[in-house]
Amino acid sequence: MQVDGGVLPERLSNKFVKKRRLASRLLSTFLLLTILHFPLAGGVLAAEAYTSESAPSKLTGSKLLASNLPTVLAEPTTYCNPLNLDYAYTPNKDYSVNNCHRSTADPVCALYKGKYYLFSTNQEGYWWSDNLLTWHFISHFFKENSSADQVCAPALWATDKGLLFLPCFNPKDTMPLYRSAEPLANKWEEATDSFPVKTWDPSLFEDDDQRLYVYWGSSNVYPIRGAELDPENQFKLKGPIHDFFTLHPQIHGWEQFGEDNQHGTMDPFVEGAWMNKFGSKYYLQYGAPGTEFNVYGDGVYTSDHPLGPFTYQSFNPFSWKPTGFICGAGHGATFVDKFDNKWHIATNVIALKYKFERRLGLFPAGVDKDGVLFADTSFGDYPHRAPQTKTDPGSTFTNWMLLSYKKKAWSSPSESNPELAFDEDIKTYWTAPDGKSGHFLAVDLGTPCNINAIQVNFADEKAKLYNKQLNIHHRYQIFESNDGKDWNLLVDKSKNEKDVPHDYIEFSSAVKTRFLKIVNIEMPTGSFAIGDLRVFGSAPGEKPGLVKGFAVSRDPKDKRNCSLTWQTVPGAYAYNIAFGTAPDKLYGSFLVYDKNSYDLHSLNTDSNYYFTVQSVAETGVSPAGSVVQVN
């Protein structure tokens, strides 16, 4: 059956589904009551039998008893990367036959008629949003390329005549250029039935004078290329094809292939072209060195003309996130919102089930007074505001700190250590043996804390789904307790109808509590598994002290490398390193957990650098220390 331009998978009859759901809810209620009434002994459930006599006096967890707790905002004011989108599962290919998982990458986003439209690889449709916070999916099947991609690394641009949209395709393929003046209504036409330029990782750009250009490239041999198009003549080339640039990893350390830009097994890839014009300057952006690595980022060349010549920006990569819960900020797109704020949406990396297992992340961006483009990835996987007014890009961080890192955890019988759900690493996860209702995971924050938000990152374990799935959902409940004995219902997703693989919960005001417990009711597929249950807010106490002894040593034999060291600060669980090519342009940043040193292999050899560091604790972030220069 066709639905909004897509195909709805076969479903069981409504009558059977209702009966199954009723039975599941009855079983869930019994299991939840059982779990909530077992007393806790040293962080594990005591092995005493559940009886009716043990129940009545201390039973909590009902909505009535929890009514004094802050509510969950139906429309959040903040977001947390990776974005909570209903990502499709991968197609049924060799790499996913026994390893089903979700993935997407290569995002493009545009503002059109007051709505934001977001496309990415292999999603069988696209999303729209009013505010960059809540996204809605529209199912639509565009033409597949010969690699069996239902859209791969597409191009998108908003024009007066509608959104232009172009999936990438192989030289032997033909691919339409699509156009829509009503994308919210899912109405698309072919602007031309065969786009004349064979483009992989294309980008479209319309200049202020309505002249149209295309850019493309994904190769470790060939350069990023571009040309002007003629919209009045089937979008054929209007002039020659221009070769712009390739990678120079011997000069640009961040372009080296490999994890941490080390131990590469092949030449790096330049890909994911994207063009913007800000003021009178053109910014041709590109991704490198490989989408599967933590150092996947976006660089930029600038010019006074859309077809060059282009000059490498001194601060590069301009979008980069090599550490944290989820890494990567490459192959993205920069766009402007309703309030003239700039944003960069990019590819986040998991690369666990398969090297191309990925997600999407959104980062504030800006262009400074000297024309330097940057994306603000500082605390890039912590909660940020999506302002509904004009705002400075460095002001979106909520200062809600991570409260759950390496905290004592326990669970119902499981197949992995519960502490894997609190280690700030999306590549590891805790899993129950199956997806049955009643499995739980609990954590002790160590002291009563003010909780502003929770991010539930579900993991793909024993999944049995492929491609885009409509009408699937996660159902669960989260309980809170101040003593680990009496539990109150805090978050009720028992009737949730949405697919929320990275569910993000923001409260109307801070919840003060110490213990949290998430209880499964229903998974879309596979086992109840959690990559990380991340809790954000503030703990009582003073902010951590200034970092002392900060030193940066650059390798004189290979200026791409430097070593950073500092003294540990009591109470700090991480350190935020900021760096840049001028003391007042510290646009790069990354978090270092647990350690007091870091080796960086990503510098440009022809640039001087400036570094500073902050200590990060559950109580807040220290002021930045003195800026250290290295030549």
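Kindly indicate whether any position in the range 445-457 is in contact with a helix residue (DSSP H, G or I) (Cβ under 9 Å, 6 or more places away or on another chain) and surrounded by fewer than 23 Cβ atoms within 10 Å (Cβ to Cβ).
Taking every residue of the range 445-457 in turn, none turns out to be in contact with a helix residue (DSSP H, G or I) (Cβ under 9 Å, 6 or more places away or on another chain) and surrounded by fewer than 23 Cβ atoms within 10 Å (Cβ to Cβ).
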Exercise. Considering only the range 261-304, state which residues are among the acidic types (Asp, Glu) and open to solvent by 10 Å² or more (accessible area, probe 1.4 Å).
Key: Asp267, Glu271, Glu292, Asp304
Quiz item: Can you tell which of Glu419, Glu424 is surrounded by 19 or more Cβ atoms within 10 Å (Cβ to Cβ), of a type outside the set (A, V, I, L, M) and outside any strand (DSSP E or B)?
Solution: Glu424
Quiz item: Is it the case that some residue within the range 359-368 is of a type in the set (Lys, Arg), under 19 Å from Asp201 (Cα atoms) and modelled with pLDDT of 95 or more?
Solution: yes
Practice problem: Mind listing just one residue for me: the one in the range 484-495 that is in a loop (DSSP other than H, G, I, E, B) and in contact with a strand residue (DSSP E or B) (Cβ under 9 Å, 6 or more places away or on another chain) and, of those, surrounded by the fewest Cβ atoms within 10 Å (Cβ to Cβ)? | Solution: Lys495
Practice problem: Could you please give the count of residues in the range 572-631 that are of a type in the set (Asp, Glu), surrounded by fewer than 18 Cβ atoms within 10 Å (Cβ to Cβ) and not in a strand (DSSP E or B)? | Solution: 3
Exercise. Please tell me if Ala105 is assigned by the TED database to the domain that holds Phe165, within 27 Å of Lys462 (Cβ to Cβ) and buried (at least 22 other Cβ atoms within 10 Å of the Cβ).
Key: yes
Exercise. Could you tell me whether any residue of the range 525-538 is free of Cβ contacts under 8 Å to residues at least 40 places away in the same chain and either in a strand (DSSP E or B) or assigned by the TED database to the domain that holds Lys493 (or both)?
Key: no
Practice problem: Please work out if Thr71 is of a type in the set (Ser, Thr, Tyr) and assigned by the TED database to the domain that holds Asp298. | Solution: no
Exercise. Could you look through the range 138-195, keep only residues that are assigned to a loop (DSSP other than H, G, I, E, B), under 15 Å from Phe235 (Cβ atoms) and not aromatic (Phe, Trp, Tyr), and pick out the one that is most open to solvent (accessible area, probe 1.4 Å)?
Key: Lys161
Exercise. Identify, from the list Asp208, Asp201, the residue that is crowded, with 18+ Cβ neighbours inside 10 Å, assigned to a loop (DSSP other than H, G, I, E, B), among the acidic types (Asp, Glu) and in the same structural domain as Trp127 (by the TED database).
Key: Asp201
Practice problem: Only residues that are within 26 Å of Thr311 (Cβ to Cβ) and among the small types (Gly, Ala, Ser): list them for the range 337-373, please. | Solution: Ala346, Ala365, Gly366, Gly371
Quiz item: Do you know which residues across the range 358-383 are within 12 Å of the chain's Cα centre (by Cα) and of a type outside the set (Gly, Ala, Ser)?
Solution: Arg358, Arg359, Leu360, Leu362, Phe363, Thr377, Asp381, Tyr382, Pro383
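Mind checking which residues of the range 496-514 are of a type outside the set (Phe, Trp, Tyr), out of contact with any Asp or Glu (no Cβ under 6 Å at 6 or more places or on another chain) and part of a strand (DSSP E or B)?
His502, Asp503, Ile505, Glu506, Ser508, Ser509, Ala510, Val511, Lys512, Arg514
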Exercise. Taking only the range 47-98 into account, find how many residues are crowded, with 20+ Cβ neighbours inside 10 Å, among the aromatic types (Phe, Trp, Tyr) and modelled with pLDDT under 50.
Key: 0
Quiz item: Quick one: how many residues across the range 290-323 are within 21 Å of Arg225 (Cβ to Cβ), among the β-branched types (Val, Ile, Thr) and touching an Asp or Glu at 6+ places or on another chain (Cβ under 9 Å)?
Solution: 1
Practice problem: Enumerate the pairs (first residue in the range 439-453 and under 18 Å from Glu419 (Cβ atoms); second residue anywhere and modelled with pLDDT under 95 and open to solvent by less than 30 Å² (accessible area, probe 1.4 Å)) with beta-carbon separation below 6 Å, excluding pairs fewer than 6 apart on the same chain, so at least 6 apart or on different chains. | Solution: Phe440/Ile35
Self-check item: Options Asn294, Asn233, Asn276; residue that is more than 23 Å from Thr323 (Cα to Cα) and in a loop (DSSP other than H, G, I, E, B)
Solution: Asn233
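Yes/no per residue for (1) open to solvent by less than 10 Å² (accessible area, probe 1.4 Å); (2) aliphatic (A, V, I, L, M); (3) touching a strand residue (DSSP E or B) at 6+ places or on another chain (Cβ under 7 Å):
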residue: Glu497; (1), (2), (3): no, no, no
residue: Tyr504; (1), (2), (3): no, no, yes
residue: Ser508; (1), (2), (3): no, no, no
residue: Thr513; (1), (2), (3): yes, no, yes
residue: Ile518; (1), (2), (3): yes, yes, yes
residue: Ile521; (1), (2), (3): no, yes, yes
residue: Ser527; (1), (2), (3): yes, no, yes
residue: Leu533; (1), (2), (3): yes, yes, yes
residue: Ala539; (1), (2), (3): no, yes, yes
Exercise. State which residue is farthest from Ser319 (Cα to Cα) when the search covers only the range 236-254 and only residues that are touching a Pro at 6+ places or on another chain (Cβ under 8 Å) and part of a strand (DSSP E or B).
Key: Lys236
Exercise. Go through the range 559-580 residue by residue and tally those that are of a type in the set (Ser, Thr, Tyr) and closer than 25 Å to Gln256 by Cβ.
Key: 3
Quiz prompt | Residue satisfying all of: in the range 369-404; surrounded by fewer than 20 Cβ atoms within 10 Å (Cβ to Cβ) and in contact with an Asp or Glu (Cβ under 8 Å, 6 or more places away or on another chain); modelled with the highest pLDDT among these | solution = Lys390
Exercise. Provide a single number: the residues in the range 464-504 that are in contact (Cβ under 8 Å) with a residue 60 or more places away in the chain and within 13 Å of Ile530 (Cα to Cα).
Key: 4
Quiz prompt | Odd one out for Phe257 among (1) part of a loop (DSSP other than H, G, I, E, B); (2) within 25 Å of the chain's Cα centre (by Cα); (3) under 18 Å from Ser303 (Cβ atoms) | solution = (3)
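The values are calculated or read from the model by the stated rules, or taken from the named source; none is laboratory data. This one's a predicted model, so the numbers in the text were calculated from it and none came from an experiment. Please note: Cβ atoms are built from the backbone with ideal geometry, for glycine as well, and neighbour counts cover all protein chains shown. Areas reflect the complete protein model, heavy atoms only, side chains present, ligands, DNA and RNA absent. Shrake-Rupley method; radii C 1.70, N 1.55, O 1.52, S 1.80 Å.
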